Amino acid sequence: MNPVSLAASFKDQYHHTPMIVRAPGRINLIGEHTDYNNGFVMPAAIDKHFLFAVAANNTNQFNIQAVDLHETISFSLDELKAGHHWSNYLMGVIDGMARRGKKIEGVDVLFTSNIPAGAGLSSSAALCSGFGFALNELFRYNLSRLELALIAQESEHRFVGAQVGIMDMYASLFSRTGSVMLLDCRSYTHEYLPFQFGNFELLLVDTKVKHSLASSAYNNRRQACEEGVKIIKQNRPEVQSLRDVDETVLQIFKPSMTEEVFRRCNYVVKEIDRTRQAAHHLKKNDLTAVGKLMYETHRGLSSEYEVSCPESDWVVTTARETGVTGARQMGGGFGGCVLCLLSISVKNIFIEKVKAKYFAQFEKEPDFYSIELSEGVALV
Ligand code: GLA
């Protein structure tokens, strides 16, 4: 559904003119599971997004319709509750605004999305960021984009139970066309790195293995990192997060950690370093070097952080065998999309090879999305 037809449907139903907001999903070139460790990530918004049609309704009711799902929910401020439905994410955003002292007023909303859910493209962050942005514009709350990102993150923590980092909502809100960003998740500052594609492309292979960040596995990984920091802190009180640790320091504390906690921390410390290195290579437009790091990341995700799955591992191995420059599972893990950096000459051969063999192996049809790096949340 495009903005014009969404606005037309809204007018048909509510008889007034809505504001239209676009909120994109994101990719992350490198820097996985580093955001909640105060490290670096390298995300960018993509040309897949939510569209919201929103207008104040001068009541205290929120009437929200998910057009694609044919679902409508109505609730008021005193009915906000936690859960795993899309409406709980939006309730969390409203709650975040109320807790910041904003005067909450009712709205009518229609929304639609072409971001596949559970594919590691941050549909939930886009949902929260776009809705927050719309309320902020509509009621002139004067919240900054950073505050909107924090509200979106809090919504996932408090209302959905997913202890996610800041990357996804920050990327949805701050991205710029044609660039990835090097985001410092400790200072909440970023630098845009223009991505000069030349003969290269970014391609997503959707494994169709759905993941959920509200699952205990994601939160467990976070706990393992916190456990590692706690152990190091006993002797080095200045250490606040794995961002403050390097491989040498980690080795010193290895004997005090369980083998699993060490392995998780070791992955994160190396991934923060890889992300710094990738930024360096990207500035020199050395995409081959970036691709090598992506493969290293996948190896770490698979064998050290253990958030991969047979389908993602298979796609990455096939990519390597076919001459794809870089490939790795992207996002929270346990499925979703594999991000591939590849030269245009290899693209069709790779796609055909995956198509020919994936179904026989996993009894699922993969999807392929060519990606453009897009602007963050905006009024349409
Ligand atoms: C999900 C979370 C992010 C981040 C990634 C892993 O996308 O929402 O905060 O932790 O997983 O890098």
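So, of the residues in the range 109-129 that are more than 16 Å from the ligand (Cβ to nearest atom) and under 16 Å from the mean Cα position of the chain (by Cα), which turns out to be surrounded by the fewest Cβ atoms within 10 Å (Cβ to Cβ)?
Step by step, filter the range 109-129, then rank; the result is Asn114.
Quick check on my filter: what residues within the range 163-177 are open to solvent by 20 Å² or more (accessible area, probe 1.4 Å) and either within 11 Å of the chain's Cα centre (by Cα) or assigned by TED's automatic domain parsing to the domain that holds Arg222 (or both)?
Within the range 163-177, just Asp168 meets the criteria.
In the range 270-292, what residues are open to solvent by less than 10 Å² (accessible area, probe 1.4 Å) and either within 23 Å of Ser312 (Cα to Cα) or aromatic (Phe, Trp, Tyr) (or both)?
Glu271, Ile272, Thr275, Ala278, Leu287, Val290, Gly291 - these are the residues of the range 270-292 that are open to solvent by less than 10 Å² (accessible area, probe 1.4 Å) and either within 23 Å of Ser312 (Cα to Cα) or aromatic (Phe, Trp, Tyr) (or both).
Residue by residue, here is whether (1) within 16 Å of the ligand (Cβ to nearest atom); (2) more than 24 Å from Ser122 (Cα to Cα); (3) outside the structural domain of Leu121 (by TED's automatic domain parsing); (4) surrounded by fewer than 19 Cβ atoms within 10 Å (Cβ to Cβ) holds:
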{"site": "Met294", "(1), (2), (3), (4)": "yes, no, yes, no"}
{"site": "Thr317", "(1), (2), (3), (4)": "no, yes, yes, yes"}
{"site": "Arg328", "(1), (2), (3), (4)": "yes, no, yes, no"}
{"site": "Ile351", "(1), (2), (3), (4)": "no, no, yes, yes"}
{"site": "Lys355", "(1), (2), (3), (4)": "no, yes, yes, yes"}
{"site": "Ala360", "(1), (2), (3), (4)": "no, yes, yes, yes"}
{"site": "Glu375", "(1), (2), (3), (4)": "no, no, yes, yes"}
{"site": "Ala378", "(1), (2), (3), (4)": "no, no, yes, yes"}
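Against the conditions (1) open to solvent by 10 Å² or more (accessible area, probe 1.4 Å); (2) in a strand (DSSP E or B), where does Gln196 fall short? Just the number, please.
(2)
Taking the range 164-221, which residues are acidic (Asp, Glu) and more than 17 Å from Ile115 (Cβ to Cβ)?
In the first step, residues of the range 164-221 are kept if they are acidic (Asp, Glu); the result is 168, 184, 191, 201, 206.
Within the range 164-221, Asp184, Glu191, Glu201 qualify.
Find the residue count for the range 92-118, including only residues that are part of a helix (DSSP H, G or I) and over 28 Å from Ala8 (Cβ atoms).
6
Would it be correct to say that Leu121 is part of a loop (DSSP other than H, G, I, E, B) and hydrophobic (A, V, I, L, M, F, W, C)? Show your work before the answer.
On the way: part of a loop (DSSP other than H, G, I, E, B): yes; hydrophobic (A, V, I, L, M, F, W, C): yes.
Criteria met by Leu121.
State all residues of the range 75-91 that are of a type in the set (S, T, N, Q) and either assigned to a loop (DSSP other than H, G, I, E, B) or touching an Asp or Glu at 6+ places or on another chain (Cβ under 9 Å) (or both); if no residue qualifies, say none.
Answer for the range 75-91, where residues must be of a type in the set (S, T, N, Q) and either assigned to a loop (DSSP other than H, G, I, E, B) or touching an Asp or Glu at 6+ places or on another chain (Cβ under 9 Å) (or both): just Ser87.
Do we find that Leu135 is buried (at least 22 other Cβ atoms within 10 Å of the Cβ) and either within 16 Å of the ligand (Cβ to nearest atom) or charged (D, E, K, R) (or both) in this structure?
no
Restricting the search to the range 140-162, which residues are assigned to a loop (DSSP other than H, G, I, E, B), within 15 Å of the ligand (Cβ to nearest atom) and crowded, with 17+ Cβ neighbours inside 10 Å? Show your work before the answer.
Initially, the range 140-162 is screened for residues assigned to a loop (DSSP other than H, G, I, E, B), giving 140-144, 161-162.
Cutting the leftovers down to within 15 Å of the ligand (Cβ to nearest atom) gives us 161-162.
Once the filter is applied, which keeps residues that are assigned to a loop (DSSP other than H, G, I, E, B), within 15 Å of the ligand (Cβ to nearest atom) and crowded, with 17+ Cβ neighbours inside 10 Å, the range 140-162 yields only Ala162.
When the residues of the range 130-149 are narrowed to those that are aliphatic (A, V, I, L, M) and over 14 Å from the mean Cα position of the chain (by Cα), which ends up farthest from His16 (Cα to Cα)? Can you show your working first?
We begin by selecting, within the range 130-149, every residue aliphatic (A, V, I, L, M); these are 134-135, 138, 143, 146, 148-149.
Applying the additional criterion that residues be over 14 Å from the mean Cα position of the chain (by Cα) yields 134-135, 138, 143, 146, 148.
Values: Ala134: 16, Leu135: 17, Leu138: 14, Leu143: 26, Leu146: 31, Leu148: 26 Å.
Filtering first and then ranking leaves Leu146.
Step by step: first the residues of the range 44-68, then only those that are open to solvent by less than 10 Å² (accessible area, probe 1.4 Å) and within 16 Å of the ligand (Cβ to nearest atom), then the one that is farthest from the chain's Cα centre (by Cα). Which residue is that?
Ile46
Any chance the range 182-197 includes a residue that's within 15 Å of the ligand (Cβ to nearest atom), at positive phi and without any contact (Cβ under 8 Å) to a residue 60 or more places away in the chain?
yes
Being among the aliphatic types (A, V, I, L, M) and buried (at least 21 other Cβ atoms within 10 Å of the Cβ) narrows it down to one of Val307, Val249, Val239, so name that one.
Working: Val249 fails: buried (at least 21 other Cβ atoms within 10 Å of the Cβ); Val239 fails: buried (at least 21 other Cβ atoms within 10 Å of the Cβ).
After applying the criteria, what remains is Val307.
Could you list, in sequence order, all residues of the range 217-236 that are modelled with pLDDT under 95 and open to solvent by 80 Å² or more (accessible area, probe 1.4 Å)? Even if it seems obvious, please write down each step before you answer.
We begin by selecting, within the range 217-236, every residue modelled with pLDDT under 95; these are 217-220.
Of everything in the range 217-236, nothing turns out to be modelled with pLDDT under 95 and open to solvent by 80 Å² or more (accessible area, probe 1.4 Å).
Taking the residues in the range 8-43 that are open to solvent by 20 Å² or more (accessible area, probe 1.4 Å) and in a helix (DSSP H, G or I) as candidates, determine which candidate is nearest to Arg264 (Cα to Cα).
Here the answer is Tyr36.
Please go through the range 257-304 and give me each residue that is out of contact with any His (no Cβ under 8 Å at 6 or more places or on another chain), among the charged types (D, E, K, R) and under 18 Å from Cys185 (Cα atoms), ordered by number.
Within the range 257-304, Lys270, Asp273, Arg274, Arg276 meet the criteria.
The values are calculated or read from the model by the stated rules, or taken from the named source; none is laboratory data. Not measured: the values here are computed from a predicted model. For neighbour counting, all protein chains shown are included, and Cβ atoms are generated from backbone atoms with ideal geometry for every residue, glycine included. Note: accessible area is taken over every heavy atom of the protein model, side chains too, but ligands, DNA and RNA are not part of it. Shrake-Rupley method; radii C 1.70, N 1.55, O 1.52, S 1.80 Å.
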